[in-house]
Amino acid sequence: MNPKALSFDKFLKEEEIIAFERKDFDDEDGTVVYRSYIKSPLWDMPLFVILDNSIYSVIRLVVGPEKVNAQNLQAINAFINRENATYKNYKLYVDEDNSLYLDCIYMCADDAFEPALMYALMTSIVDYIPESIGDLKSAFESVIQ
């Protein structure tokens, strides 16, 4: 049983939010993943809410799925460094699958979990994406001269 997931389910139902698909994992951490998308002018960006029995709850956005390559890596890293220095609540990184990710971590014990706060963090990410589209597009389209 995952108390945070139960609380999040209740919140989604009460707020009539139907944008998420839920998947339960049969693991020792009681992991539950909620999946949705953020539509952007670049492409649809998969969004995941990962809740388990640890103190960490994760909102993970796949900003650039398999979009990082040798030609744009330098521009992507410059974008990441600038954004990570500016935004305390988000961390951008490139993983081994050549994708650009944005993580937002919400730390709390099960009994202190506030689904409305989790949703507010997601909303801030949804608001952030349009602000960053120009810089993201430039970085992804960058070519080493």
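Brief remarks follow.
The rows are residues; the columns are (1) surrounded by 13 or more Cβ atoms within 10 Å (Cβ to Cβ); (2) under 16 Å from the mean Cα position of the chain (by Cα); (3) charged (D, E, K, R).
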| site | (1), (2), (3) |
| --- | --- |
| 14 | no, no, yes |
| 24 | no, no, yes |
| 27 | no, no, yes |
| 33 | yes, yes, no |
| 39 | no, yes, yes |
| 80 | yes, yes, no |
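- Residue 26 satisfies every condition listed in (1) in contact (Cβ under 8 Å) with a residue 24 or more places away in the chain; (2) part of a loop (DSSP other than H, G, I, E, B) except (1).
- Only one of 109, 78, 116 that is at pLDDT below 95 and of a type in the set (A, V, I, L, M): 109
- Extreme residue, farthest from residue 120 (Cα to Cα), among residues of the stretch 58-89 that are small (Gly, Ala, Ser) and outside any helix (DSSP H, G or I): 70
- Residue within the stretch 31-53 that is of a type in the set (S, T, N, Q) and in contact (Cβ under 8 Å) with a residue 60 or more places away in the chain present: yes
Every residue, every condition in (1) closer than 30 Å to residue 11 by Cβ; (2) surrounded by fewer than 15 Cβ atoms within 10 Å (Cβ to Cβ); (3) touching a residue at least 24 places away in the same chain (Cβ under 8 Å), yes or no:
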{"position": "60", "(1), (2), (3)": "yes, no, yes"}
{"position": "66", "(1), (2), (3)": "no, yes, yes"}
{"position": "96", "(1), (2), (3)": "no, yes, no"}
{"position": "99", "(1), (2), (3)": "yes, no, yes"}
{"position": "140", "(1), (2), (3)": "no, no, yes"}
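The values are calculated or read from the model by the stated rules, or taken from the named source; none is laboratory data. Quick caveat, the model's predicted, so the values are computed rather than measured. Cβ: placed from backbone, ideal geometry, glycine included. Neighbour counts: every protein chain shown.
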